[in-house]
1. Every residue in the range B:113-128 that is among the hydroxyl-bearing types (S, T, Y) and at the interface with another protein chain (Cβ under 7 Å from one of its Cβ atoms), please.
2. Just need a number here: residues in the range B:132-148 that are open to solvent by 10 Å² or more (accessible area, probe 1.4 Å), within 11 Å of another protein chain (Cβ to nearest Cβ) and of a type in the set (A, V, I, L, M, F, W, C).
3. Can you tell me which of (1) in contact with a strand residue (DSSP E or B) (Cβ under 9 Å, 6 or more places away or on another chain); (2) away from chain B (no Cβ under 14 Å); (3) open to solvent by less than 50 Å² (accessible area, probe 1.4 Å) is the one A:A54 doesn't meet?
4. Hey, can you tell me all the residues within the range B:76-112 that are open to solvent by less than 20 Å² (accessible area, probe 1.4 Å), within 14 Å of the chain's Cα centre (by Cα) and more than 12 Å from chain A (Cβ to nearest Cβ)?
5. Out of the residues in the range A:57-75 that are touching a strand residue (DSSP E or B) at 6+ places or on another chain (Cβ under 7 Å) and part of a loop (DSSP other than H, G, I, E, B), state the one that is nearest to the other protein chains (Cβ to nearest Cβ).
6. Mind checking whether some residue in the range B:6-28 is of a type outside the set (D, E), part of a strand (DSSP E or B) and open to solvent by 30 Å² or more (accessible area, probe 1.4 Å)?
7. For the range B:76-94, how many residues meet the condition of being among the small types (G, A, S) and assigned to a loop (DSSP other than H, G, I, E, B)?
8. Scan the range A:108-143 residue by residue and report those that are part of a helix (DSSP H, G or I), farther than 19 Å from A:I55 by Cα and charged (D, E, K, R).
2 protein chains.
Amino acid sequence: MFDIKIITIGKIKEKWIERGILEYIKRLSPYAKIEIIELKSESFSSSNKQKAVAIESARLEEALFKEKDSTIYFLDEYGDSLGSREFAYKLDKENGKIVFVIAGALGYNREILKNKNLISLSKLTFTHTMARLILLEQIYRSVCILKDKEYHY
Amino acid sequence: MFDIKIITIGKIKEKWIERGILEYIKRLSPYAKIEIIELKSESFSSSNKQKAVAIESARLEEALFKEKDSTIYFLDEYGDSLGSREFAYKLDKENGKIVFVIAGALGYNREILKNKNLISLSKLTFTHTMARLILLEQIYRSVCILKDKEYHY
């Protein structure tokens, strides 16, 4: 049983993305405990964007203090890109508590990424809510790969 | 105004993916004419999978006969991976009719991909319906990049 936490910034506005996420959490329920933590996003204008990024990143760091026993992966465009099988084997190897961090619309303060595990979903940029959906789909796909289970969709 | 056709195999079963696709087609409507062509998928069992792939790929090839004037891109895991900006500039450069082809759940008969333009959304494998959603999101993102328009989501 995987124990996976996804720490994110901001709420999902699109109902259809929410539905998709709930669908994958439901499908994953026999194999993984999934918890999604939504930290407050910071409103911003073009003049105070840097400050807003810094505040959001500080919130992520604070939330991560409680996750010292977990393996932490930051989703980031400059991270390692994996194929679905590599991703599945990585999850399997951890065999413990795993935390995925997804920045908000503004991205990270790059300072907090130093010496961290960074993984990339694609060279393409996605919205942070699409990234959440794609991550969950890949976790479900991982379970199907590891259990040699047909992927029904 | 982009003139984009997406040729795919099979229908979308997930209502939430359909909603997402419709959302992006609506947002794109001032900038791009989007047409989605869904060819019939082939039912299959483990014993006749190869035959089903061949039939579906033949259907794609037949549909592509009518698209001689378009630039055709096949979405494929072994294709070039682009960043969102590169993808946007590629669309912009074409400045004409563009066709994207997405295989069904079974993938392609690799024969039909010889000497073709292949592009990859990610090293990760996605379902063919998620690929359709991600492609549309990236076309919308491209328009935002090219028009220097803020991406609202």
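1. Of all residues in the range B:113-128, those among the hydroxyl-bearing types (S, T, Y) come to B:120, B:122, B:125, B:127.
The answer is B:S122, B:T125, B:T127.
2. Number of matching residues: 1.
3. With respect to (1) in contact with a strand residue (DSSP E or B) (Cβ under 9 Å, 6 or more places away or on another chain); (2) away from chain B (no Cβ under 14 Å); (3) open to solvent by less than 50 Å² (accessible area, probe 1.4 Å), A:A54 is out only on (1).
4. B:D76, B:L91, B:I98, B:V99, B:F100, B:V101, B:I102, B:A103
5. Step one: list which residues in the range A:57-75 are touching a strand residue (DSSP E or B) at 6+ places or on another chain (Cβ under 7 Å), which gives A:59-60, A:63-64, A:67, A:69-75.
Filter once more, keeping what is part of a loop (DSSP other than H, G, I, E, B): A:67, A:69-70.
On the way: A:E67: 24, A:D69: 27, A:S70: 22 Å.
Looking at residues that are touching a strand residue (DSSP E or B) at 6+ places or on another chain (Cβ under 7 Å) and part of a loop (DSSP other than H, G, I, E, B), I get A:S70.
6. So in the range B:6-28, the residues of a type outside the set (D, E) come out as B:6-13, B:15-17, B:19-22, B:24-28.
Still in the running and part of a strand (DSSP E or B): B:6-9.
Filter again for open to solvent by 30 Å² or more (accessible area, probe 1.4 Å), leaving none.
No: the range B:6-28 contains no residue that is of a type outside the set (D, E), part of a strand (DSSP E or B) and open to solvent by 30 Å² or more (accessible area, probe 1.4 Å).
7. First, pick out the residues of the range B:76-94 that are among the small types (G, A, S): B:79, B:81, B:83-84, B:88.
Then keep just the ones that are assigned to a loop (DSSP other than H, G, I, E, B); that gives B:83.
Residues flagged as among the small types (G, A, S) and assigned to a loop (DSSP other than H, G, I, E, B) within the range B:76-94 amount to 1.
8. Initially, the range A:108-143 is screened for residues part of a helix (DSSP H, G or I), giving A:110-113, A:128-143.
Add one more test, that the residue is farther than 19 Å from A:I55 by Cα, and what stays is A:129-143.
Selection gives A:R132, A:E137, A:R141.
The values are calculated or read from the model by the stated rules, or taken from the named source; none is laboratory data. Since the model is a prediction, treat every value here as computed from it, not as a measurement. As a convention, Cβ positions derive from the backbone with ideal geometry for all residues, glycine included, and neighbour counts pool all protein chains shown. We work out accessible area using only protein heavy atoms, side chains counted, and drop any ligands, DNA or RNA first. Shrake-Rupley method; radii C 1.70, N 1.55, O 1.52, S 1.80 Å.
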